[in-house]
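Just so you know, all these numbers are worked out from the coordinates, no wet-lab data involved. What you see is a predicted model, and the numbers here were worked out from it, not measured in a lab. Methodologically, a virtual Cβ is constructed for each residue, glycine included, from the backbone with ideal geometry; neighbour enumeration extends over all protein chains shown.
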Amino acid sequence: MKKSILVAWCFFLFIPSVYAQTIEEIPFDDHEGHLYREAIEYLFEQDIVQGYEDGTFKPDKTINRAEFLKIIVEAEFDVNEYRGYAYEGCFPDVSAAQWYTAYVCFAQERGIVQGYEDGMFKPSQEINLSESLKMMYESMHIALENPDLIFKFKYYSPAMRAGYIPDELVGEYGAVMTRGQIAEIMYRIINDPDKEYEEDVRLGLTSFMQEYDASCGTAALRIALSQNIELSEQEIIDTMESLGLYPNNELYEKEGKVIWDDPQEVFVGDVDGLVSLSVDKLKGYGFLEKPLLALARRWAPQSESFSGVSHGYITAQLDRGYPVIVFADVNARNGTVILTEPGPGTVSWYIVGKDEPYTANMYKHNLVIEGYTGTAQQPELFHVIDPFYGTKLDMTLNELDSVLQAYSYTGVVIKF
């Protein structure tokens, strides 16, 4: 999550703090004696809100819909999740390349915001209580007691019962919100130990066991595609071959160098081969995200690859209904695939035209992530399917980190 540069109108920034600032460091004092002083100071100390460049906070200043949405999106999501929306136009009054376009279009797809009956978003319109509650609830994945209520009460009623609504806003569903009021509501939500989050995200994919020793990639794709399409793994392998992604080559030596193919270009070796630490026995390895993406797009043409992301990127894809195939460093040969025993090392070979050897992590394995429990920002468990045994696993964030870090959180999102 990246801090924004402060400009004249300055946004609240919901950003995890590296350290807590002291009260003496607060660079504004116009909140002194204000009804919501405690909330403002608490959020500032947590590096959640900041003041204006002129040394004020302006607690009674109103805020518009685009400004507040920027706050919410930057607070709850990684920049890699939303920056790609900057050149879309998702409402008639939200054109590409405006300062708020990425936030609005991302939030629309995530269900955080909707337009008005006339189809407009009205980014410059001041935000009211009901609208701000919706953005908070939806972005933070707070559970609703009765999602079928009319909009006016859908978010207000549970917020009122939970004690989030200040006295001056009781019954004021359409009241225009000030910065101080927003700070007070956020303060109450953050410090509510009893708030409940939405139910699990589960995409309901079908589990399959891979048919060949080194075919975890094609088996994982079969599992991910099961959301919409029933295919056999053999059909996927046949398509891989027809696309030129499966040369089925053998290892050979040239000038004392072991030569093999590039797993970022094609499937390396034989899916039915033995994966071994001994190079002379290495007959099957697999492939990485580029050939997997090319293969996935045969059936799911909007699929995308990713690398170097956070877990928040993965939960964002799952929230949109997209299965995620990841490259993991997992010892799938020990009878469990669970993650207490990582792969035993690396293996190297030369690629034609390259002077330096290619080094691969052994027991590179594909897993399919089909859901999570908890919030998008603080998932308790990830629901994972392992194609080696065709089983479903629940992994903590630490367990997921432990097996995805070797490949820098790399994989493919399956989007039809």
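General observations
- Between Thr359, Thr391, Thr101, the Gaussian network model of the chain with springs among Cα atoms under 10 angstrom shows the greatest mean-square fluctuation at Thr359.
- Applying the criteria of a DSSP loop state and at most 12 other Cβ atoms within 10 Å to the GluC sites (Glu not before Pro) of segment 88-137 yields Glu117.
- Summed residue charge, Cβ within 11 Å of Met135's Cβ, Lys/Arg positive, Asp/Glu negative: +1
- Every helix of 4 or more DSSP H residues in the chain counts as -39500 (n - 2.57), and over all residues that averages to -7500 deg cm²/dmol at 222 nm.
- Shape category assigned to segment 23-190 from the gyration tensor of Cα positions, a/c cut at 1.5: oblate
- Sites Tyr87 and Phe416, calculated FRET efficiency, Cβ-Cβ separation with R0 22 Å, nearest 0.05: 0.45
- Note on Asp272, Asp148: ascending count of other Cβ atoms within 10 Å places them as Asp148, Asp272, the fewest first.
- Taking all Cα pairs closer than 8 Å and separated by 6 or more residues, the relative contact order of segment 201-413 comes to 25 percent.
- Selected from Ile150, Leu129, Ile237, residue furthest toward positive end of dipole (the chain; charges at beta carbon): Ile237
- Structure remark: mean-square fluctuation, Gaussian network model of the chain, C-alpha springs under 10 Å; the largest value among Tyr285, Tyr372, Tyr116 belongs to Tyr116.
- Eligible aspartates and glutamates near Lys70 by straight Cα distance, threshold 13 Å, same-chain separation 8 or greater: Asp78
- This model, with +1 at the C-beta of Lys and Arg and -1 at the C-beta of Asp and Glu, gives the chain a dipole about its Cα centre of some 680 debye.
- Residue order, fewest to most beta carbons within 10 Å, for Arg202, Arg65, Arg161: Arg161, Arg202, Arg65
- Distance between the 7 Å Cα→Cβ label points at Arg37 and Thr206: 6.5 nm.
- Taking the chain and dividing mean pair separation by its residue count, relative contact order in percent (alpha carbons under 8 Å, at least six apart): 14
- Which of Tyr85, Tyr36, Gly284, positive extreme of dipole for the chain (C-beta unit charges): Gly284
- If R0 is taken as 51 Å, the Cβ-Cβ distance between Thr391 and Asp54 corresponds to a FRET efficiency of 0.30.
- The aspartates and glutamates whose alpha-carbon is closer than 15 Å to the alpha-carbon of Lys354, local same-chain residues fewer than 8 away aside, are Glu253, Glu255, Asp261, Asp262, Glu265.
- Cα-projected label distance for Ile259 with Asp238, points at 7 Å along beta-carbon direction, nm: 3.3
- Cα-Cα over 32 Å, subset of Lys122/Lys415; Lys61/Lys415; Lys257/Lys290; Lys58/Lys152; Lys61/Lys195: Lys61/Lys415
- Theoretical gain in end-to-end length, Asn249 to Lys195 [0.36 nm per residue, Cα-Cα removed]: 13.8 nm
- Of the Cα atoms belonging to the chain, the radius of gyration and Dmax stand at 25.2, 82 Å.
- Estimated from the Cβ-Cβ distance and a Förster radius of 22 angstrom, the FRET efficiency linking Tyr358 and Ser307 is about 0.85.
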